[in-house]
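Colleague: Encoded as structure tokens, here's the structure I'll be asking about.
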Number of protein chains: 2
Amino acid sequence: MPAKPQPAGQPADQAPLKQSSPEHAPLELERFLPYRLSIVSNTVSQAIADDYQRRFDLGVTEWRVLAVLARFDGLSAREVADRTAMDKVAVSRALARLVHAGRVSRAVHGGDRRRSVLNLTEAGWAIHDEVAPMARRRERELLARLDAEEQAWLGRILDKLMPAGQDTSL
Amino acid sequence: MPAKPQPAGQPADQAPLKQSSPEHAPLELERFLPYRLSIVSNTVSQAIADDYQRRFDLGVTEWRVLAVLARFDGLSAREVADRTAMDKVAVSRALARLVHAGRVSRAVHGGDRRRSVLNLTEAGWAIHDEVAPMARRRERELLARLDAEEQAWLGRILDKLMPAGQDTSL
DNA sequence: CCGTTATAGTTACATATGAAACCATTTGCA
DNA sequence: TGCAAATGGTTTCATATGTAACTATAACGG
């Protein structure tokens, strides 16, 4: 059968664009809020990650752990997990790499030998002090696309949408 | 050396909370916009995915492909990728599973035999028609946490933050 | 025509991630 | 005490994802 006749209706190369079947009420992805959120979020996170991933051989999870340990000394892995919204497996793995790379020190907690006592090392601080400003700069770039009023609303809205468990006051 | 004396300063079990080193200007994750965006986005997406993942053995990427094919007949894999903001490898994999499961039909485009011509099958439509309302319901639940004014701002803000490439008008 | 380059899509490999099982230690309590 | 249940962390395994390499077809240029 040579030259199979066009599969079906289409003009053979022009985009179909047949907004098919109103009776099915198809979901319009590009207006769907969760979808748009995920696009924006992933784009932003990726842009930031690109700044340090290769340069420091540092994953996103590792960066989050560094950032938390930069603020709080001697946390346990569990506390790090709480503050990063990562699960304990992810934290365990990030810590394994960070400790191995000499960026975080891990000691055993006196009084409860299950717990770790985590701290940034010199090397850890050095990386933090380079990455944090880059991250802030990216955040400013993002906000620069909004006017002051929009920025304020965005902050409030995110607060309201933040899931309950994410306690900022731990 | 029995009974190693407490590793360092802490009271041995109370959370340290030593807001360490102002001279390092550590980044406050919970106020950092990209971080908050990612928490909200992931939480929402996960909630929706939980509705259908197990029940239909359908991944997020597969669902997105279904949603797009529900609106446009006969797209190529490339066009699906454009409309879902997924890369072509992810689309290829999602399609492999969808076609294998009999949810999407794949034909060769007459006139360009590299292209696929993709369509939902009956089974594909059936799933779409079950999942789409659940997704919409989740979106409503999310929006219900905001008042009308906030909802309007969120829409506008996301539009402005949407990366350029994401053309809604293709 | 024929070789080069571009495009659609798949495959392979390496890495990331999540769920559950697991080990060690501690806590609660009979 | 002493033993069951809880907690901190790690390991294992199965799956997901990204990058680059690859195949097939098509478009372009002489």
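Nothing in this text is a laboratory measurement; each read-out follows from the coordinates by a stated rule. Computed from a prediction, not measured in an experiment: that's the story for all the values here. Counting neighbours? That spans all protein chains shown, and the Cβs are built from the backbone with ideal geometry, glycine included.
Colleague: Stretched out fully, how many nm does the piece from A:Ala152 to A:Arg97 gain, at 0.36 nm a residue minus the Cα gap?
Modeller: Answer, rounded to one decimal: 16.0 nm.
Colleague: Kindly state, as a whole number, the per residue volume in cubic angstrom of the convex hull around the alpha carbon atoms of region A:71-120.
Modeller: Per-residue hull volume (Cα only) is 70 Å³.
Colleague: On a full-extension model of 0.36 nm per residue, what is the gain between B:Arg136 and B:Glu28, subtracting their alpha-carbon distance, rounded to one decimal in nm?
Modeller: Numbers: separation 108, 0.36 × 108 = 38.88 nm, distance 3.37 nm.
Full-extension gain reported as 35.5 nm.
Colleague: Once label points are set 7 Å from the Cα along Cα→Cβ at both B:Ala126 and B:Arg145, what is their separation, rounded to one decimal in nm?
Modeller: If labels sit at B:Ala126 and B:Arg145, their model points lie 3.5 nm apart.
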